[in-house]
Amino acid sequence: MFSVDRQSFQSLSALALFTFAFLGSEFFFDSRIGLLVSAEEVVSAQTMILGASVVGFPAYSLISKLAGGRRALRAIEAVGAIASLVTIAVAESAFAMQIAGCIAFFLLGSLGAEAHWSMARAFEGSLSLAKGAGAAYAAGILLQFLSNQFVPAGMADAAVLCIGIAALAVFAAAGEQGCESAGQKQQATPDAAKPAIRAVWLLALVVLLACMFSTLDNVVTLANAQGSISVETWPRLFLAASGLAAGVLFDIRERRYMGFIMFAVTVLSTISILAVEAGASPVIGLIVFYLSSGFFVTFFTTTFLQLAPRMRTPQLWAGMGRAANNLCAFTVSGVSMMLTQSGIAAVMIVSLILFVLVSVAFVGAGLFRLPSTDGERKAIQAGLAAAAAPTPEEMQAEFISRSGLTPREEEVLRAVTADERPLKQVADDLGISLRMVQRHLTNIYSKTDTQTRAGLTRAFFGK
């Protein structure tokens with residue numbers, strides 16, 4: 001069951017608004033600068049703004065530490081991003097648009113990092129984390145779809161994006177208020193070992209998967225350019241549907257099978273690339289791309305939201321999945337397009353190499369190991385607690401030491417608590433007089449704060 005409280009709703013809203021504002025601003029920037037430069041220069045300009053967003057994500061961690069009032073910081077970032085969008089809308093120079101775009105996406109990266117961090121804290125330990133990530137992504141895609149369909153291009157489009165950025169800043173700041181420190185809530189579990197090593201493997205995995213999906217995207221784009229298929233706006237709704245489906249599937253059994261499901265999607269994507277290059281209908285690639293992309297975004301969002309609270313600097317890591325994805329788009333998109341145009345054999349060979357590397361990264365990140373469920377973790381912790389508990393002999397030795405008993409008093413103590421023999425029999429077995437046993441027993445009662453033989457026995461055996 002998926003239910004949210006006020007804090008979770010605010011965090012979900014912030015993440016959805018970030019998806020809308022980021023994708024919408026990227027489309028708006030491409031459309032505006034495309035009026036002034038060639039298609040090749042648009043790709044280069046887009047690469048620059050994505051690079052700025054990559055810097056903005058980790059910058060949030062540093063900025064949030066240096067800034068005094070975080071609400072004021074969010075307001076400054078929102079105003080800066082809005083001013084940059086307005087500049088893009090009215091500028092008549094491609095250079096001015098490029099500068100404004102880099103500023104806008106740097107600030108959007110920082111706001112996005114806060115939205116992810118707010119989500120990580122609000123859903124820490126939740127069994128619905130993937131559902132939340134998928135729902136936020138789907139909501140952002142739907143907002144973008146509605147904006148593209150019903151909002152006229154130009155200043156009206158810019159105004160809607162500015163409202164989205166302002167709302168993003170409000171919800172991100174609100175989601176942060178009242179959140180308990182993740183480090184204080186996190187408890188060590190067998191699955192939380194060596195999070196730094198896991199983080200490195202996950203970063204490598206996201207980059208490799210982004211390269212693979214970029215190749216699939218370029219295969220579809222090339223088919224569209226050649227007229228084999230027609231990519232309209234409405235198929236993007238598949239992204240929202242696949243994001244929701246991924247959230248539901250990933251959360252099964254406390255996300256035990258999330259790695260296996262994502263690997264199956266990767267296998268399907270690899271097969272579709274090879275099939276399209278071998279002559280199959282490009283529609284196959286189109287369908288698989290949109291369906292698998294929603295799974296991919298939900299996957300990298302969920303994995304880093306889940307990992308972040310275990311890291312030394314959690315604010316840095318919550319949105320690192322999105323940053324890694326943008327980094328790949330920033331660095332290899334052009335190379336991937338050239339590869340797609342270089343020939344069928346090259347695409348197939350590189351796709352298979354990527355698949356092998358992705359498989360290695362899945363293993364390194366531990367995604368092929370079934371993590372323990374909450375019940376299993378409790379059983380393990382109970383077993384560890386039982387193993388760490390002192391033995392009866394250790395407890396008795398500690399009782400004797402704490403009470404300050406002499407060697408003879410210890411001997412009497414063990415004799416009188418071993419069974420219910422009469423004291424006369426105890427005296428005979430110890431080879432001392434009954435009076436001496438009674439005297440030792442009186443001292444033992446005094447030192448152990450007991451009054452009867454039965455009470456002494458219970459205290460000695462910890463019953």
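A few remarks follow.
- Restricting segment 159-176 to residues that are aliphatic (A, V, I, L, M) and open to solvent by 60 Å² or more (accessible area, probe 1.4 Å) leaves a set whose member that is farthest from Thr301 (Cα to Cα) is Ile163.
- Residue in segment 392-415 that is in contact with a Ser or Thr (Cβ under 6 Å, 6 or more places away or on another chain), open to solvent by 40 Å² or more (accessible area, probe 1.4 Å) and not hydroxyl-bearing (Ser, Thr, Tyr) present: no
- Residues (open to solvent by less than 40 Å² (accessible area, probe 1.4 Å) and within 17 Å of the chain's Cα centre (by Cα)) located in segment 232-260: Gly243, Ala246, Gly247, Phe250, Asp251, Arg255, Arg256, Met258, Gly259
- Residue match in segment 118-132 (condition: over 30 Å from Phe295 (Cβ atoms), of a type in the set (Ser, Thr, Tyr) and in contact with an Asp or Glu (Cβ under 9 Å, 6 or more places away or on another chain)): no
- Which numbered condition Gln10 fails, given (1) open to solvent by 20 Å² or more (accessible area, probe 1.4 Å); (2) modelled with pLDDT under 85: (2)
- The set of residues in segment 232-263 that are over 26 Å from Val54 (Cβ atoms) and modelled with pLDDT under 75 comprises Glu232, Thr233, Trp234, Pro235.
- Tabulated pairs, segment 260-288, first touching a residue at least 24 places away in the same chain (Cβ under 8 Å), second among the hydroxyl-bearing types (Ser, Thr, Tyr) and open to solvent by 40 Å² or more (accessible area, probe 1.4 Å), C-beta under 7 angstrom, 6+ apart or interchain: Pro282/Ser228
- Residues (open to solvent by 30 Å² or more (accessible area, probe 1.4 Å) and touching a residue at least 24 places away in the same chain (Cβ under 8 Å)) located in segment 73-91: Ala75, Ile82, Val86
Here is a yes/no grid of residues against (1) more than 18 Å from Gly319 (Cβ to Cβ); (2) open to solvent by less than 10 Å² (accessible area, probe 1.4 Å); (3) without any contact (Cβ under 8 Å) to a residue 40 or more places away in the chain:
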site: Met119; (1), (2), (3): no, yes, no
site: Ala136; (1), (2), (3): no, yes, no
site: Phe150; (1), (2), (3): yes, no, yes
site: Asp157; (1), (2), (3): yes, no, no
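- The test for being at pLDDT 80 or above and part of a loop (DSSP other than H, G, I, E, B) does not hold for Glu393.
- Residues located in segment 288-311, provided they are under 14 Å from Gly243 (Cα atoms) and hydrophobic (A, V, I, L, M, F, W, C): Val288, Phe289, Leu291, Phe295, Phe296, Val297, Phe299, Phe300
- Within segment 15-29, the residues that satisfy the criterion of being among the hydrophobic types (A, V, I, L, M, F, W, C), open to solvent by less than 20 Å² (accessible area, probe 1.4 Å) and either over 17 Å from the mean Cα position of the chain (by Cα) or at pLDDT below 95 (or both) are Phe20, Ala21, Phe22, Phe28, Phe29.
- First in segment 416-441 and among the acidic types (Asp, Glu), second anywhere and assigned to a helix (DSSP H, G or I), Cβ under 9 Å, 6 or more apart: Glu420/Arg453; Asp428/Leu434; Asp429/Ala415
- Filter result for Ala415 (in a helix (DSSP H, G or I), more than 16 Å from Phe460 (Cβ to Cβ) and small (Gly, Ala, Ser)): no
- Just one of (1) modelled with pLDDT of 90 or more; (2) not in a helix (DSSP H, G or I) fails for Gly279. It is (1).
- Looking at Ala104, Ala21, Ala115, just one residue is in a helix (DSSP H, G or I), in contact with a Gly (Cβ under 7 Å, 6 or more places away or on another chain) and in contact (Cβ under 8 Å) with a residue 60 or more places away in the chain, and that residue is Ala21.
- Filtering segment 259-269 for residues that are part of a helix (DSSP H, G or I) and hydroxyl-bearing (Ser, Thr, Tyr) leaves a non-empty set.
- Residue check, Arg377 over 26 Å from Ala275 (Cα atoms), of a type in the set (D, E, K, R) and either at pLDDT below 65 or in a loop (DSSP other than H, G, I, E, B) (or both): yes
The values are calculated or read from the model by the stated rules, or taken from the named source; none is laboratory data. Because the structure is predicted, anything quoted here is derived from the model rather than measured. Positions of Cβ are generated from backbone atoms using ideal geometry, with glycine treated the same way; all protein chains shown enter the neighbour counts. Side chains included, ligands, DNA and RNA excluded: accessible areas come from the protein's heavy atoms. Shrake-Rupley method; radii C 1.70, N 1.55, O 1.52, S 1.80 Å.
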